[in-house]
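The values are calculated or read from the model by the stated rules, or taken from the named source; none is laboratory data. Just so it is clear, the model here is predicted, and its values are computed rather than measured. We place every Cβ from the backbone using ideal geometry, glycine too, and count neighbours over all the protein chains shown. The area values use the complete protein model at the heavy-atom level, side chains included, leaving out ligands, DNA and RNA. Shrake-Rupley method; radii C 1.70, N 1.55, O 1.52, S 1.80 Å.
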Amino acid sequence: MRDAVTGHPWRTVAAALALAVVVLVLLWDWNWFKGPVERAVEARTGRSFEIGGDLDVDLGRVTTIRAGELRLGNAPWSKQPTMASTDQLELRIEPFALLFQRELRIPLIRLASPDVRLETGPEGGGNWDFGMASDGGKPPRLQRIWIENGHLQFTDAAKKTDIDIKVASRKPKKPGNAPPVALDGGGHWAGNRFTLEGVAESPLELQATDKPYRIDLRAAAGATRAHARGTLVNPFRLRDFDLRMALSGKNLEDLYPLLGLALPPTPPYALDGRFTRDDDTWHYDGFTGKVGDSDLSGSASVKTGGKRPFLRANLVSKRLDFDDLAGFIGDAPQAGGAESTNPELAALAAQRKASPRLLPDTPYALEKLRAMDADVRLKAQRINAPSLPLDDMDAHLTLDAGLLRLDPLNFGVAGGDIRSNIRMDAREKTIRTRADITARGLNLGELFPDAKLTDDAIGRIGGHVAITGTGNSIARMLGSANGDIALGMGRGQISNLLMELAGIDIYESLKFLIGKDHKVPIRCAFGDFGVKGGLMTSRALAFDTTDTIIVGEGTVNLRDETLDLLLKPRPKDRSILTLRSPLVVGGTFKDPSFRPDFKRLGLRGALAVALGSIAPPAALLATIELGGGEDSNCGGQYAK
């Protein structure tokens, strides 16, 4: 060996150099490179960068670089000095690909306790924008990233949004795939507290801003829950995405502080549909679900970027539970039993039940009516309302800068229809309302589903309501109403027992109760009221049958919710044991009373006792009705 080396001097030099390289590699302190690396990163990013721990390199076909206590400075406008830090970085690269193919390949990045703060700037953009121009070379090829005990923060002060979540890598389902990350945390969205958990693809996928990034996340804000699964493109800007979104909560009204959508109070809801974005329009298409006890499906979109969000929706309910709409008029759906409700609405329902008033007096929130614009169509194919003869509904609501229109608001009722046009102007401090309502072809027998005496009634009812009012609740609008209300009916028939009871004809009523009721033809009926300052005053009121004609007069006070009507039955037949006297309709809307005029009825009773003291048969004379009522000519033009 000595001869070989001494015989070839160049071999001696090569051996010495090789030994020196080995010793250099073994004893080299890679920390010498910390300064040059820090300066290179600072020059490239424009941010401060420091390596506070050791720098070490294991050379090989896949070279491993390890560095401890790294810190990257934040954008100059940020109040936080650090944008990102990590306790330990392990970076694996392929040096031969870099030397011979000019391509940076990174098989693995491993981060221990990384902490990243992302935030939007005061003039738009974010601290992740480094302003680096492309050098025209190939971008790095990152294959895998593994995160242990990561921490991610996102702040958008202008939108009162901050997110603080823990991040940790999970083992991929398929070998060779980039490990996904588990997320768990929360923060504030538009100033409202929320929590977030779920799984997202590897953060490496974020570098390809034009490729979908898959997520499966669940968020909760109070009682509102959202489950998003699908793909996003450029998640930090939320420009394009295609997600399935399940949305549920106890009240759609709760979405106002979260999304700026001014929706009415509702019972609990659960919806699921496709959630996408097209420029500044957010779409929720093909959703299905329930609101309260009603099914609901359709599509909705919200356009942002204007003075106000613009909601457009096309909704369909195959079976609408009518009291689920109570929130639209400031009322609450029924509570108890199998009815769907929430604590707030249940409390309101209990309050309304205890109140002597019937008309809802919950004021509309003017700021909500002015907060967004809308164009919403709702069709109900069938309505569930046990105490009301409602068949279906077609409503078209528009809202423009506080001006709300319901045109039309149509209901199928008792085999006929009620067509409405409602205008509410909430652009000033007090809402000004105008209502134009027309009823046609309502079947008398179906109007009172709970009254057996009207089961076999026949006749078509029509009418017209044209009123205006001011006030910020339904009760105040009606309490200040001015206009006209008219109701009419053409020919039909009704239970004779009902007519006799209305006149307190004892003999005839007992006869039908013991025997069998029969039908009495109706010639016509009509009620015409003038309305001023919430007081309805009768101009004409009559109900004409072949048996009896009833004429009336009086007032209905929409402001005080009281009734004061006097109905005067005039029989066209002769009957004994009759105590026919004027019938007073009084009380309140919630607790009406029907009683005879006791002064006149008492006089007849006293007369009967006086006559009876002489001879019992003569006592019957005071109860004999000789008839004499004439047919009224009230017409049936409102019941076509």
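Could you please state how large a percent of the accessible area of region 261-346 is carbon and sulfur, counting protein chains only and using a 1.4 Å probe?
The value for region 261-346 is 58 percent carbon and sulfur by accessible area.
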Sites Asp560 and Ala466, calculated FRET efficiency, Cβ-Cβ separation with R0 22 Å, nearest 0.05: 0.50
Percent of Cα-Cα distances greater than 17 Å, calculated over region 327-385: 56
At R0 = 22 Å, FRET efficiency that the Cβ-Cβ distance of Gln381 and Arg274 yields, to 0.05: 0.45
Residue-count net charge about Gln334 - beta-carbon cut-off 14 Å; Lys, Arg +1, Asp, Glu -1: -4
Ratio Rg/Rh, restricted to region 243-298 and using Cα atoms, in which Rh is the Kirkwood radius: 0.97
Amide H partners (placed H, <5 Å) of Ile522, local residues excluded: Gly492, Gln493, Ile494
Packing rank of 189-196, 544-551, where each peptide gets the mean count of other beta carbons within 10 Å, highest leading: 544-551, 189-196
Relative contact order (%) - region 397-450, alpha-carbon pairs under 8 angstrom, separation at least six: 31
Net charge over other residues, Cβ less than 12 angstrom from the Cβ of Arg382 (K, R count +1; D, E count -1): -1
Whole-Hz ³J(HN,Hα) from phi, Karplus 6.51 cos²θ - 1.76 cosθ + 1.60, for region 371-387, glycine and proline x: 7, 8, 10, 7, 9, 10, 10, 10, 10, 10, 6, 8, 10, 9, 8, x, 9
Exceeding the 23 Å Cα-Cα cut-off - candidates Lys79/Lys307; Lys290/Lys429; Lys160/Lys290; Lys303/Lys429; Lys250/Lys290; Lys79/Lys159: Lys79/Lys307; Lys290/Lys429; Lys160/Lys290; Lys303/Lys429
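Among 253-266, 349-362, how do they line up by average Cβ neighbours within 10 Å per residue, starting with the highest?
In descending order of packing, they fall as 253-266, 349-362.
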Residue list for region 534-565, given a label point 7 angstrom along the Cα-to-Cβ vector of Ser593 and an amide N cut-off under 13 Å: 563-565
Sorted largest first, extent of region 24-131 alpha carbons per principal axis (Å): 49, 30, 24
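What is the sum of charges around Arg66, taking Lys and Arg as +1, Asp and Glu as -1, for the other residues whose C-beta is under 11 Å from the C-beta of Arg66? All intermediate terms of the calculation are to be shown ahead of the outcome.
Details: positive: Arg92, Arg110; negative: Asp54, Asp56, Asp58, Glu90.
With Lys, Arg at +1 and Asp, Glu at -1, the neighbours total -2.
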Segment Asn31-Asn314, length gained on full extension (0.36 nm per residue, minus Cα span): 95.3 nm
For region 148-188, Kirkwood radius (reciprocal of mean inverse C-alpha pair distance, Å): 11.6
Estimated translational D of region 311-355 in µm²/s (Stokes, Kirkwood radius over Cα pairs; 10 °C; 1.306 mPa s): 135
